[in-house]
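Taking it in order: structure first as structure tokens, then the write-up.
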Amino acid sequence: MANSQAMCTVFKKDLMLGKHNFGTGVVRASTAADSFKAALYYATGSLGAATTAYSSTDEVAGTGYTAGGVAVTNATPPNTSGTTAFWTPSASIEFPTITITTAFDCVLVYNDTQTGKPAVSTHTFGAQTITAGTLTLTMPTNDASNALLRIA
Amino acid sequence: MQTIINSLLVQGMVLPSNTFLLEGRVGEDRDVPVQLEPEAPITTMKESGLQRRVGVHEDDNEIAAWVEYRLGDKVVHRSAHVHLKKAGVVGDALAAALG
């Protein structure tokens, strides 16, 4: 068996666990998982790979919606399969009893524990409006092919 | 798709698998949360007094289902259930750069 060049799969998972720091990092108060939140954005926004942190710019507003969004349930830690590390929220993201009459099509997942509320990921869907109703975002299968976050 | 359909059925909806849009009323006369004016408080109305429309959309990214209740021409209730099939957040570029 020959040696090979690779990014170690465990490193991909450990990135999600905050085990490595190649620059100026953050001081952690404990080993507990950070808290994450999900916020909704109007279809006229421009969120994507360049988004660095939560911002209220282009965030939806309306009856029952609280700026900053809702908590993301995180009961399942990152895992690996093959050479892919992955993570998915362990429950649907739900915005109950809201009214947002201007079309929105994006949810930002961000870290609500760290200073500056750094961005994690943006996810788009067909434009929606909600009137006196509930928006439920159900998650993909938490595996190496479908998880919400994958480092392959 | 089945997850979405099951969710809709739990809410008392009848949704044939090949239906894109279903109009009319089905089931018991339930209270439906409604907002009659943009800044008005959310109240409830009996389902029998409203017209229901249900829609489903599926593409490579999502399965989305929604239910609307209308009072005349006005949408007074709309809920949506979006199932994210697969996120487009794969760090191939990162892995390629470092691997």
Quickly run through the range B:28-51 and pick out the residues that are closer than 16 Å to residue A:97 by Cα and exposed (fewer than 12 other Cβ atoms within 10 Å of the Cβ).
B:31, B:37, B:38, B:39, B:41
In the range A:132-152, which residues are of a type outside the set (Gly, Ala, Ser), farther than 24 Å from residue A:57 by Cβ and in a strand (DSSP E or B)?
A:134, A:136, A:138, A:150, A:151
It is to be established whether one or more residues within the range A:113-135 are in contact with a helix residue (DSSP H, G or I) (Cβ under 7 Å, 6 or more places away or on another chain), within 10 Å of chain B (Cβ to nearest Cβ) and free of Cβ contacts under 8 Å to residues at least 60 places away in the same chain.
no
Looking only at the range B:48-73, count every residue that is within 12 Å of another protein chain (Cβ to nearest Cβ) and of a type in the set (Ser, Thr, Tyr) and tell me the total.
1
Which members of the range A:64-85 meet the condition of being touching a residue at least 40 places away in the same chain (Cβ under 8 Å), surrounded by 13 or more Cβ atoms within 10 Å (Cβ to Cβ) and over 17 Å from the mean Cα position of the chain (by Cα)?
A:80, A:81, A:83, A:84
Kindly establish whether residue A:138 is facing chain B (nearest Cβ under 8 Å) and under 22 Å from residue A:77 (Cβ atoms).
yes
Could you say which residue among A:103, A:6, A:38 is surrounded by fewer than 16 Cβ atoms within 10 Å (Cβ to Cβ), within 23 Å of residue A:124 (Cβ to Cβ) and among the hydrophobic types (A, V, I, L, M, F, W, C)?
A:103
Determine if the range A:47-57 includes at least one residue that is part of a strand (DSSP E or B), surrounded by fewer than 16 Cβ atoms within 10 Å (Cβ to Cβ) and touching a residue at least 12 places away in the same chain (Cβ under 8 Å).
yes
Condition (residue is part of a loop (DSSP other than H, G, I, E, B), within 30 Å of residue A:141 (Cα to Cα) and at pLDDT 60 or above) applied to the range B:47-60: is it met by at least one residue?
yes
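The values are calculated or read from the model by the stated rules, or taken from the named source; none is laboratory data. Bear in mind that the values here come from a model prediction, so they are computed numbers and not experimental data. Heads up, the Cβs are rebuilt from the backbone with ideal geometry, glycines too, and the neighbour counts pull from every protein chain shown.
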